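The values are calculated or read from the model by the stated rules, or taken from the named source; none is laboratory data. This structure is a prediction, so every number in the text was calculated from the model and none was measured. Glycine gets a Cβ as well: all are built from the backbone with ideal geometry, and neighbour counts include every protein chain shown. The accessibility values were calculated without ligands, DNA or RNA, using every heavy atom of the protein model including side chains. Shrake-Rupley method; radii C 1.70, N 1.55, O 1.52, S 1.80 Å.
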Amino acid sequence: MSQSPFILQEQQFLKIRSVLERVRVECAARVVFLVDRDGQTIAFNGDIGDMDTTSFSSLAAGNVAATTSMARLIGENVFPAVVHEGENESIFISVIGRSLLVVVFDGRSTLGLVKLRAKRASFDIAAILDEMIRESQLIAASAKPAFADITDEDIDSLFS
Amino acid sequence: MTFINYASREINCKIVYYGPGLCGKTTNLQHIYDSTAPQAKGKLISLATETDRTLFFDFMPLELGTVRGFKTRFHLYTVPGQVYYDASRKLILKGVDGVVFVADSQEERMDANVESLYNLEDNLQSQGYDLNQLPYVLQLNKRDLPNVIPMHDLTHELQKKGEPVFEAVAKDGTGVFDTLKAVAKQVLTELRKT
């Protein structure tokens, strides 16, 4: 059975983006993403340049999925954070429930600072995501689904 | 799991191409990638071995257009076909909205098709899905080869629940878009219910 859609309302999006902006400024990071564990970009803040954000999110989720499975093979439940250190740019990924906070930073910041600020922000993000999930479930349980009005013609028009 | 973003007015859905090793899953994606306008697609990411066998997954985002003011973006994934990459296959099925099973029509690959189909059902179940409830399409690929099983027999053997069945030759694009359209349509139709 397919699961209920995960619905992000505009107000929640703005709240998330404001937390991401705070994290980016506090960490002196280049860009900060919030990604769903299935690989969908929820929001981001910062300089993405010509980065393909959709692919980036998908790969970040794949990366965490793989390391989580590795964790289980050695008796851990999850690795709560994953770090990739490059010559110029580095990536810090923190697992927050069913989402991932991804911080891309360079030599202007340090891993210690990023870890500290990301941990603080994770509580705020978890609270917003809980609200999102509750509201998504309420919409799913309501008599009228979010896209009940889509017609066959609407769908066919995508392929014409 | 479909992700609906009211802020950016986007609907994001995940479609997974499943099937035995070398059945043409990556070739399906490659054809879609090659035939789509640049503005409608992202990069085709391939996590492959040095011999071009899919190691973890292939991925490409595809925008199909707008429904009721929402951009529809499909995230297309393939799984590695080889039996020993089962852990990767399970991971990729997480959050799936629709599945395409790509069967290899050659006689000698029949056992591999059946084994992969069982594996799909098992792995879906382990992620809390039931194939019978999921948007699903069967593609019979490599119909251009000389030693293929007749379509009727292959369908009889592999069709699970009356799902749409398409003959395909993925390397020249035959049947590739028909398959994609059929599964995308089912996924969007599902949105009316959930």
Item to check | Equivalent ellipsoid, the protein assembly as shown (semi-axes from 5 times Cα gyration tensor eigenvalues, Å) | outcome: 35, 23, 18
Item to check | Length added when fully stretched, A:E21-A:D52, from 0.36 nm per residue minus Cα-Cα | outcome: 9.2 nm
Checklist entry - Going by a 1.4 Å probe on protein heavy atoms, which residues of the stretch A:32-66 end up with at least 40 Å² less accessible surface in the whole assembly than in their chain alone? => result A:D38, A:Q40, A:D52, A:T54, A:S55, A:S58, A:L59
Checklist outcome for this item: The helix B:25-35 Cα axis meets the longest alpha-carbon principal axis of chain B at an angle in degrees, between 0 and 90 and rounded to 10, of 50 degrees
Checklist outcome for this item: For chain B the translational diffusion coefficient, Stokes-Einstein from a Kirkwood Rh over Cα pairs at 25 °C and viscosity 0.890 mPa s, in µm²/s, is roughly 146 µm²/s
Checklist entry - If you take the beta carbon distance between A:F159 and B:H156 as r and set R0 to 25 Å, what does 1/(1 + (r/R0)^6) give as a FRET efficiency, to the nearest 0.05? => result 0.30
Next on the checklist: Run the simple label-point estimate for B:T36 and B:T51 please: 7 Å along Cα→C-beta, distance reported in nm.
Outcome noted: 3.0 nm
Checklist entry - Between the stretch B:120-189 and the stretch B:70-104, how many Å separate their Cα centres? => result 13 Å
Item to check | Sequence of A:R17, B:R143 from largest to smallest accessible area, 1.4 Å probe | outcome: A:R17, B:R143
Checklist entry - In whole angstrom, how far apart do the alpha carbon centroids of the stretch A:20-40 and the stretch A:51-128 sit? => result 9 Å
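With a 1.4 Å probe on protein heavy atoms only, work out how much accessible surface A and B bury together, total over both chains, in Å² to the nearest 100.
Details: alone 9960 and 9830 Å², together 15640 Å².
Its buried surface, counting both partners, is about 4100 Å².
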Checklist outcome for this item: B:L145 and A:N77 label points (each 7 Å along its Cα→Cβ direction) are spaced in nm at 4.6 nm
Checklist entry - How large is the dipole of the stretch A:10-159 about the Cα centre if only Lys and Arg carry +1 and Asp and Glu carry -1, each at its Cβ, rounded to the nearest 20 debye? => result 960 debye
Checklist entry - So for chain A, what are the equivalent ellipsoid semi-axes in whole Å, largest first, each being the square root of 5 times an eigenvalue of the Cα gyration tensor? => result 30, 18, 17
Item to check | Accessible area of the stretch A:10-159 divided out per residue, in Å², using a probe of 1.4 angstrom | outcome: 49 Å²
Checklist entry - Quick one: how many Å² of B:K41 are accessible to a 1.4 Å probe, rounded to 10? => result 50 Å²
Checklist entry - Averaged over A:85-94, how many beta carbons belonging to a partner chain fall within 10 Å of each residue's beta carbon? => result 0
Item to check | Residues of the stretch B:4-29 with amide N under 11 Å of a point placed 7 Å along Cα→Cβ from A:E135 | outcome: B:6-7
Item to check | Dipole-positive endmost among B:T27, B:L131, B:V67 within chain B (Cβ charges, Cα centre) | outcome: B:V67
Checklist entry - On average, how many beta carbons from a partner chain sit within 10 Å of the beta carbon of a residue in A:147-160? => result 6
